[in-house]
Amino acid sequence: MNRHHDSNPFEEEEEEAVNPFSKGGGAAGRVPAASRPVGFGKTNDDIPLDTMNDSSKKQREVADWEADLRRREMDIKQREEAITKSGVQTDDKNWPQFFPIIHHDIANEIPIHAQKLQYLAFASWLGIVLCLMFNIIAVIVCWIEGGGVKIFFLATIYAMLGCPLSYVLWYRPLYRAMRTDSALKFGWFFLVYLIHIGFCIFAAIAPPIVFNGKSLAGVLAAINVISGSLLTGIFYFIGFGLFCLESLLSLWVLQKIYLYFRGNK
């Protein structure tokens, strides 16, 4: 009984199971391509979802902001067009050009036949501003020559109140009356402008009522100060001449505007 030549019944099975290079073991030992890692083991699933959500949220916010801005621009344009069509005038400050403080556009807002009168009234307003400014200069000269500080404070108050009040109380109502042909505004102008003319005449005379009249550069004050200081007297006489010119111009403007108002009734 020679059993050395007997074949091992488990030899082939072990070979097929163990040997990966056998014909039947090639397929069993191959790893599927779909299960292999791609790109050094990283996939698109590695991007955080929070980052993607934040980016989308910011994009939506920017888009909403741009849409809201466009809506506001359209709203502003529609309002401007509505104002233009309705004929409502916008009083934007445009004078003087280097430092706009008032609205003034005679050439475009005042009727052609009334523009000359409006320019005359504007010259009258500029005239009272010039008179009050020069009055401060004359009073400063008098103060330096020993006239006292009280007259300087009074002259400053006249200018600080007179310049803006003259514009608000009579020139702007006249401007609007010329633009809209309002009888009520014309009436208000006549009332206040008469007060303006009375002040100009009072300042040109400068009676010795308040601080011997030296706070106003009128004729009586000029006669009073010229005996003590020739320079002060010269400035006061110049101020007297300016107040006289302003009074005459104001009377002429009042007459012209009254005739214009009567002709339009």
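What do you reckon, how do Met133, Met178 stack up by accessible area (1.4 Å probe), largest on top?
The ordering from most to least exposed comes out as Met133, Met178.
Could you list the square roots of 5 times each eigenvalue of the Cα gyration tensor of region 128-265, that is, the equivalent ellipsoid semi-axes, sorted largest first and rounded to whole Å?
Ellipsoid semi-axes (Å, largest first): 33, 14, 10.
With the cut-off at 15 Å, report for region 142-219 the share of all Cα pairs above it, as a whole percent.
It works out to 63 percent of all Cα pairs.
Return one whole number: the accessible area per residue of region 93-187 in Å², for a 1.4 Å probe.
Normalised by residue count, the accessible surface of region 93-187 is 52 Å².
Which distance in Å, rounded to a whole number, links the C-alpha centroids of region 162-179 and region 196-265?
Between the Cα centre of region 162-179 and that of region 196-265, the gap is 20 Å.
So for region 196-265, what are the equivalent ellipsoid semi-axes in whole Å, largest first, each being the square root of 5 times an eigenvalue of the Cα gyration tensor?
For region 196-265, the ellipsoid semi-axes come out as 32, 11, 5 Å.
The values are calculated or read from the model by the stated rules, or taken from the named source; none is laboratory data. Just so it is clear, the model here is predicted, and its values are computed rather than measured. These accessible areas exclude ligands, DNA and RNA; they are computed on the full protein's heavy atoms, side chains included. Shrake-Rupley method; radii C 1.70, N 1.55, O 1.52, S 1.80 Å.
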